[in-house]
1. With label points built 7 Å along Cα→Cβ from the Cα atoms of E413 and K312, find their separation and express it in nm.
2. How big is the dipole moment of the chain about its Cα centre under a simple scheme where the beta carbon of each Lys and Arg is +1, that of each Asp and Glu is -1, and everything else is neutral? Debye, nearest 20, please.
3. Sorting check: for 77-83, 276-282, which peptide has the highest mean count of neighbouring beta carbons within 10 Å, and how do the rest follow?
4. On a 0 to 90° scale, report how tilted helix 412-424 is relative to the longest principal axis of the chain, with both axes built from alpha carbons and the result rounded to the nearest 10.
5. Nearest 10 degrees is fine. How inclined is helix 257-270 to the longest principal axis of the chain, computing both from alpha carbons?
6. Jot down the radius of gyration and Dmax of segment 273-380, Cα atoms only, both in angstrom.
7. Charges at C-beta only: +1 for Lys and Arg, -1 for Asp and Glu. How large is the resulting dipole of segment 80-286 about its Cα centre, in Debye rounded to 20?
8. Extending each Cα 7 Å along its Cβ direction at Y62 and D13, get the distance between those two points in nm, one decimal.
Amino acid sequence: MTATRKPEGYIGDKPLRPESLMSSYGYQPALSEGALKCPIFQTSTFVFKSAEEGKAFFELAYGLRAPREAENIGLIYSRLNNPDLEILEDRLSLWDEAEACAVFESGMAAIATTLFALLAPGDVVLFSEPLYGGTDYFFKHVLERWGVRTVGFPAGASPAEIDALVAARGLAERLRLVFVETPANPTNTLVDIAACAALARRLSTPERRVVVAVDNTFLGPLWQHPLKHGADLVLYSATKYIGGHSDVIAGVCLGSRELMAEVRTMRTFHGTMCGPCTGWLLMRSLETLKLRMTCQMKNARYVADFLADHPKVEKVLYLGHLAETDPQHAVYRRQCLAPGGMVSFRLVGGEVEAFAFLNALKLFKLAVSLGGTESLAEHPASMTHSDVPAAERERLGISENLVRLSIGVEHPEDLNADLAQALAAV
């Protein structure tokens with residue numbers, strides 16, 4: 001079912017943009033009784049035309065030999081490959097201009113499988129902080145149990161500060177992976193991807209390549225392209241903007257064919273790929289990705305501007321409000337295409353005031369997750385980041401008065417009206 005990018009992605013010599021390809025790329029209706037949309041291939045296994053074909057497919061799947069000219073791995077078993085997943089992966093690769101892609105049953109499955117594929121006991125992972133709470137727990141409690149040392153650095157740290165940390169902790173000889181979440185969840189702090197990539201190249205040796213992996217969930221495949229700034233891998237919780245309707249759980253990893261071969265092999269034996277129904281839902285969502293994310297980005301600016309002028313708001317954490325004198329502004333201008341749809345802010349007060357605000361919301365839904373068509377609000381300190389020790393939360397800026405908003409596609413004046421009446425209740 002998988003098609004090559006050329007000529008399908010072109011009209012003559014003109015390359016088509018991703019949004020123009022999201023409803024057709026990689027799919028041939030003639031192979032599915034002329035169905036306009038890709039069907040759900042709800043099957044565990046696929047029938048071989050002959051025993052010889054089955055043998056050849058498995059030789060390629062398990063790397064027993066190199067493929068012959070124009071030879072591709074055929075369909076074998078849905079833990080290995082499935083038409084819905086192959087077509088979805090082809091389409092996802094377009095946004096980040098990646099060579100290869102793998103989809104997973106959740107964002108955490110994507111992160112865990114990728115890291116298990118690349119790391120071994122004794123390796124060191126350098127990671128930006130804060131991270132999503134689940135990722136933070138996985139690094140500090142799961143990887144450490146497997147003999148992998150994890151060392152954090154503050155998001156927003158300068159290249160010199162990161163270099164000094166690596167030298168002070170003696171990480172250079174064992175560093176295997178730099179993991180970056182940018183913008184950081186929930187503070188919207190940026191990490192300089194190019195600086196991390198330069199560090200990784202400098203510390204790589206012929207025997208040990210240092211890989212840079214970026215969780216790009218907050219800005220999604222529209223507003224930031226980490227591979228173009230030197231990252232080796234880009235990861236998404238596809239539950240968020242890619243899925244975009246709060247009705248599916250999934251994850252994505254993209255990168256070079258070489259690295260993705262390792263990730264895909266680990267996915268096969270961990271069994272963490274998503275199913276055909278999830279793949280089909282994500283293909284549906286990709287067709288409206290640019291429309292949704294553009295609307296959410298525009299709405300977020302209205303919300304952030306409203307909050308910045310409110311007397312009960314202490315500080316708004318929003319990429320679109322970075323002052324030109326702020327060091328983060330230069331990073332934003334260099335690696336981001338838009339400020340996205342996430343707005344965090346600190347209320348005047350603490351947890352009591354934050355809870356009063358959250359409990360008074362009507363249009364915003366009090367729920368975790370983000371990137372859906374509906375606007376959501378949550379309290380990171382007691383919800384998504386509650387397993388981070390209190391002292392660490394304070395150090396990372398996840399204060400008791402911090403509220404995180406995911407802006408949806410509603411009318412911005414209605415969103416601001418809801419925020420106004422909820423703030424009045426504080």
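No value in this document is a laboratory result; all are computed from the given coordinates. Values in this document were obtained by computation on a predicted structure and should not be read as measured data. Counting neighbours? That spans all protein chains shown, and the Cβs are built from the backbone with ideal geometry, glycine included.
1. Placing both labels 7 Å beyond Cα along the Cβ direction yields 2.2 nm.
2. Here the size comes out at about 560 debye.
3. On the way: 77-83: 20.3, 276-282: 22.0.
Put in order of decreasing packing, that is 276-282, 77-83.
4. So the helix axis and the longest Cα principal axis differ by about 40 degrees.
5. Rounded to the nearest ten degrees, it is 90.
6. 16.5, 49
7. For segment 80-286, the charge dipole is close to 340 debye.
8. Placing both labels 7 Å along Cα→Cβ, they lie 4.8 nm apart.
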